[in-house]
Amino acid sequence: MKIAVRRTYYGDRLCFPGVVPDALVDVRAAYARMLVVRNGLDRGDAVVRAERSIAADLPSLLRDDAGLEQVRRLHDWVLERAESGDLHDGCTWRDVPELLGPPVGRPHTVWGMSGNYLRDAAEPAAPANQRGFLKAPGALAGPYDDIRYPSISRHVVPEIELAAVIGRRCHRLQREEAMSAVAGYVVLCDIGARDIGALDGRALDRAKGFDTFAVVGPWFVTADEVSDPHKLRIRAWVNGEPRQDGNTSGMLHDIPEQLEWLSSALTLRPGDVVSTGTPPGPAPIEPGDVLRGEIDDLGVLECVVVAESA
């Protein structure tokens, strides 16, 4: 199951992509429609019940139902009705890529792993110590949003990464159980201003935390739809020129290791995002560039780099 976020005049709306051609099916509206069809509810009452029953963002949705069972049942119903035509009756939004928001909403924690892939074949084997950083949730942006190039930086580098979305509250996970805490995955472009990091004594808080420096999307994909998160091809292009072409099989520390290590200190909550590092090849971008990133089974990001306005 895939879940997207569509920006609308009603605010951000959770939607099912890929069900109806050229449209996104609004989750709450579809639930209200199901209540009318199945239970004979008055449309107004059904809308009120849908607003109460279905959370408005992914972290809340996972907090209420870590397995997303209610939404899965709704998704099955929507698939059955996809060709009936009646889902267009107030249940869909036009599929406009530029209006997609980050599908993860506003998670409590966004964590990024660093140094989790070898940069070249000459490097030694996996280091014993894992490394990472907290990334400001305010940096989150949608999959087709502009990337704002900070006026105080001259060295901005994007990194395409697989990110795991946490499904349940967890602390001190053991490796053997760690994957059960993963609800699904997203593509995440982790952007950093490397000169700002150097200026700050290699601290990454500011360097990685600028607005739009965490591009996420195009949708959240549940874990059951990803056969093996450690065998996914990761690619990136700038202005059509290849920059990255790697595979998650190259992780030095796999996802269970990362979650065991990270949760030994942090309590992870539903909707939290753990970005797992990037394969070799990232290179600087400039205003005017077009960045495209793609991960097998998870979709595509495409963003224009724009100079930050004064």
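The values are calculated or read from the model by the stated rules, or taken from the named source; none is laboratory data. No experiment lies behind these values; they were computed from the predicted model shown. Using ideal geometry, Cβ is built from the backbone for each residue, glycine included, and neighbour counts are taken over all protein chains shown. Calculation scope for accessible area: heavy atoms of the full protein, side chains included, ligands and nucleic acids excluded. Shrake-Rupley method; radii C 1.70, N 1.55, O 1.52, S 1.80 Å.
Summary table below
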quantity	calculated
Matching residues, the range 43-68, being touching a residue at least 60 places away in the same chain (Cβ under 8 Å) and open to solvent by 60 Å² or more (accessible area, probe 1.4 Å)	Arg63
Failed condition for Arg94, given (1) surrounded by fewer than 13 Cβ atoms within 10 Å (Cβ to Cβ); (2) in contact with a Leu (Cβ under 9 Å, 6 or more places away or on another chain); (3) farther than 21 Å from Trp219 by Cα	(3)
Given (1) open to solvent by 20 Å² or more (accessible area, probe 1.4 Å); (2) touching a residue at least 12 places away in the same chain (Cβ under 8 Å); (3) polar (S, T, N, Q), number of the condition Thr109 does not satisfy	(1)
The listed residue being exposed (fewer than 13 other Cβ atoms within 10 Å of the Cβ), under 20 Å from the mean Cα position of the chain (by Cα) and at positive phi, out of Gly11, Gly40	Gly11
Which numbered condition Leu262 fails, given (1) surrounded by fewer than 23 Cβ atoms within 10 Å (Cβ to Cβ); (2) closer than 16 Å to Ile295 by Cα; (3) under 20 Å from the mean Cα position of the chain (by Cα)	(2)
Near pairs, Cβ below 8 angstrom, 6+ apart or cross-chain, from the range 290-310 (within 18 Å of Ser153 (Cα to Cα) and in contact (Cβ under 8 Å) with a residue 24 or more places away in the chain) to any residue that is assigned to a strand (DSSP E or B) and among the hydroxyl-bearing types (Ser, Thr, Tyr)	Val305/Tyr149; Val306/Tyr149; Ala307/Tyr149; Glu308/Tyr149
Selection within the range 155-169 - among the hydrophobic types (A, V, I, L, M, F, W, C) and either more than 11 Å from Pro59 (Cα to Cα) or open to solvent by 10 Å² or more (accessible area, probe 1.4 Å) (or both)	Val156, Val157, Ile160, Leu162, Ala163, Ala164
Residue list for the range 198-225, restricted to those being under 23 Å from Leu61 (Cα atoms) and open to solvent by 10 Å² or more (accessible area, probe 1.4 Å)	Trp219, Ala223, Asp224, Glu225
Count of the range 278-289 residues which are open to solvent by 50 Å² or more (accessible area, probe 1.4 Å) and without any contact (Cβ under 8 Å) to a residue 60 or more places away in the chain	1
Evaluation of Val71 against (1) surrounded by fewer than 17 Cβ atoms within 10 Å (Cβ to Cβ); (2) outside any loop (DSSP other than H, G, I, E, B); (3) touching a strand residue (DSSP E or B) at 6+ places or on another chain (Cβ under 8 Å) (one fails), failing number	(1)
From Asp200, Asp205, Asp211, residue being in contact with a Lys or Arg (Cβ under 7 Å, 6 or more places away or on another chain), over 18 Å from Gly293 (Cβ atoms) and modelled with pLDDT under 95	Asp200
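Residue by residue, here is whether (1) in a strand (DSSP E or B); (2) modelled with pLDDT of 95 or more; (3) aliphatic (A, V, I, L, M) holds:
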| site | (1), (2), (3) |
| --- | --- |
| Leu14 | yes, yes, yes |
| Pro21 | no, no, no |
| Leu24 | yes, yes, yes |
| Arg28 | no, yes, no |
| Tyr31 | no, yes, no |
| Leu41 | no, no, yes |
| Ala55 | no, yes, yes |
